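The values are calculated or read from the model by the stated rules, or taken from the named source; none is laboratory data. Just so it is clear, the structure is predicted and the values come from calculations on it, not from any experiment. Ideal geometry is used to build each Cβ from the backbone, glycine not excepted, and the neighbour counts take in all protein chains shown. Note: areas computed on protein heavy atoms with side chains; ligands, DNA, RNA excluded. Shrake-Rupley method; radii C 1.70, N 1.55, O 1.52, S 1.80 Å.
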Amino acid sequence: MKQFELVDTPIDPQKYSEFVLHPAAGAVTVFTGHVREWTHGVRTLYLSYEAYIPMAEKKLAEIGEEMEEKWPGVRVAMAHRIGELKISDIAVVIAVSSPHRKAAYEANEYAIERIKEVVPIWKKEIWEDGEEWIGAQKKYPEKGSR
Amino acid sequence: MKQFELVDTPIDPQKYSEFVLHPAAGAVTVFTGHVREWTHGVRTLYLSYEAYIPMAEKKLAEIGEEMEEKWPGVRVAMAHRIGELKISDIAVVIAVSSPHRKAAYEANEYAIERIKEVVPIWKKEIWEDGEEWIGAQKKYPEKGSR
Amino acid sequence: MITVHYFARLRELTGKGEESLDRAPLTVEELLDWAETTYPGFGKDTIHVAVNEEYARKEDVIQAGDVCAFIPPVSGG
Amino acid sequence: MITVHYFARLRELTGKGEESLDRAPLTVEELLDWAETTYPGFGKDTIHVAVNEEYARKEDVIQAGDVCAFIPPVSGG
């Protein structure tokens, strides 16, 4: 595995938590984002994720650098899956270790917010009666917004 | 496994995250607290945890109920290990699922704060030149503080 | 008779994990006073008492058959 | 020549994942205008352009050899 990666196979969160663990770490937070069956009353059959892979991995690594600057002492590993995902599959994993728990929670939540803002990954929802590429209609990544 | 339990063997976080996952869950947060080698410049050799087991499991379940009241839709599983733990071993695991991520982060952090306040578990730190039972000297559990 | 449990520092101080007392009924405060007298250094001002696995107030009355536990400051997590 | 990549909705709209253009140098804004004209419904007002895997401003100039990508609103996570 790589510390920041896009994968097209099922994500094993344990690999990422083990990657960030070290003897000075007292806290590890692992966030996993899963395919949800129902969104706003519409039933999802499955999702399809697509990415601009090299740029997405570069942006994940940049987010990791931002986290290490903001919360010194954290260690981070992140992955996003692409391709077709079924209900409950893991789309994204964020593992953060820290000497103390506060930073592990804060940095982890920061990471998912940033991923949703700047990492070039796109989700298509496939329902019983249609499909659509999902994208926030108001918030765009800005150069230098870090 | 039980949803809220004390165990005297190594904790496998995966069991708890699988327990809370369901088709409406879009986010899962797993917190693990690990034995840290250094605390305030003192090197820990290992830790020993002791608990009032039946009351501790009851209090964990109560914390779970508090979480479900405060963040409707979350599912929770928690475990704390007792006995002797070495560096990097998991002392506590908190798994929370939620339709949306915000509640999964908030409820998880709430759980560890409450565990440290009210669950009758005690930690002894064993160093190269001594040992001591650790306990907050100022903050005590209050009846009805939930 | 009531049962009292000792944990952590208190277990080491008293040299026992539990014992039976023939003193009920008594209040939580009276139980703490008894412990402080019996086991010098008990430190009752930092200790809570659980009665039947629930935190009790100092004025609560312990009845025969109750299971009590002295709860020093907790440090789990 | 520059290379341009299309993803997600734009890949489906254009019917291609990438193509080569012989239009450099040009600004990001000019590239977006070209795309809107060439592919009706492109929606350039909601699309960012990455040049060599970094988000670019509208006034940035794209040189021959650069690798560009149209980035519609992202929805990872």
Next on the checklist: Name the residue that is nearest to residue D:77 (Cα to Cα), counting only residues in the range A:21-79 that are facing chain B (nearest Cβ under 7 Å) and aliphatic (A, V, I, L, M).
Outcome noted: A:30
Checklist outcome for this item: Filter the range D:14-35 for residues that are buried (at least 17 other Cβ atoms within 10 Å of the Cβ) and closer than 28 Å to residue A:83 by Cα; the one that is farthest from the other protein chains (Cβ to nearest Cβ) is D:35
Checklist entry - For residue A:19, which of the numbered conditions (1) farther than 16 Å from residue B:14 by Cα; (2) open to solvent by 20 Å² or more (accessible area, probe 1.4 Å); (3) among the hydrophobic types (A, V, I, L, M, F, W, C) fails to hold? => result (1)
Item to check | Selection within the range C:1-13 - open to solvent by 70 Å² or more (accessible area, probe 1.4 Å) and part of a loop (DSSP other than H, G, I, E, B) | outcome: C:1
Item to check | strands (runs of 3 or more DSSP E) fully within the range A:1-113 counting 1 or more residues that are aromatic (Phe, Trp, Tyr) | outcome: A:4-7, A:27-34, A:42-51
Checklist outcome for this item: Over the range B:82-121, the set of residues free of Cβ contacts under 8 Å to residues at least 60 places away in the same chain, of a type in the set (Val, Ile, Thr) and under 17 Å from residue B:3 (Cα atoms) is B:115
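So that you can scan it fast, the table gives a plain yes or no per residue for (1) under 11 Å from the mean Cα position of the chain (by Cα); (2) open to solvent by less than 70 Å² (accessible area, probe 1.4 Å):
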residue	(1), (2)
B:49	no, yes
B:65	no, no
B:80	yes, yes
B:98	no, yes
B:104	no, yes
B:132	no, no
Next on the checklist: Just checking, does the range A:26-33 include any residue being out of contact with any helix residue (DSSP H, G or I) (no Cβ under 7 Å at 6 or more places or on another chain) and among the hydrophobic types (A, V, I, L, M, F, W, C)?
Outcome noted: no
Checklist outcome for this item: Note on the range D:48-77: residues aliphatic (A, V, I, L, M), in contact (Cβ under 8 Å) with a residue 60 or more places away in the chain and farther than 20 Å from residue A:113 by Cβ are D:62, D:64, D:67, D:69
Item to check | Filter result for the condition that a residue is under 22 Å from residue A:29 (Cβ atoms), more than 14 Å from chain D (Cβ to nearest Cβ) and at pLDDT 95 or above, over A:96, A:118 | outcome: A:96
Next on the checklist: Looking at the structure I just gave you, is residue A:87 at the interface with another protein chain (Cβ under 9 Å from one of its Cβ atoms), open to solvent by 10 Å² or more (accessible area, probe 1.4 Å) and either under 15 Å from the mean Cα position of the chain (by Cα) or aliphatic (A, V, I, L, M) (or both)?
Outcome noted: yes
Next on the checklist: Which condition from (1) within 14 Å of chain C (Cβ to nearest Cβ); (2) over 19 Å from residue C:12 (Cβ atoms); (3) at pLDDT below 95 is the one that residue B:132 breaks?
Outcome noted: (2)
Next on the checklist: One residue is enough: does the range B:134-144 have a residue meeting the conditions under 30 Å from residue A:16 (Cα atoms) and open to solvent by 30 Å² or more (accessible area, probe 1.4 Å)?
Outcome noted: no
Next on the checklist: I'd like the full set of residues that are part of a loop (DSSP other than H, G, I, E, B) and open to solvent by 20 Å² or more (accessible area, probe 1.4 Å), limited to the range A:115-129.
Outcome noted: A:128, A:129
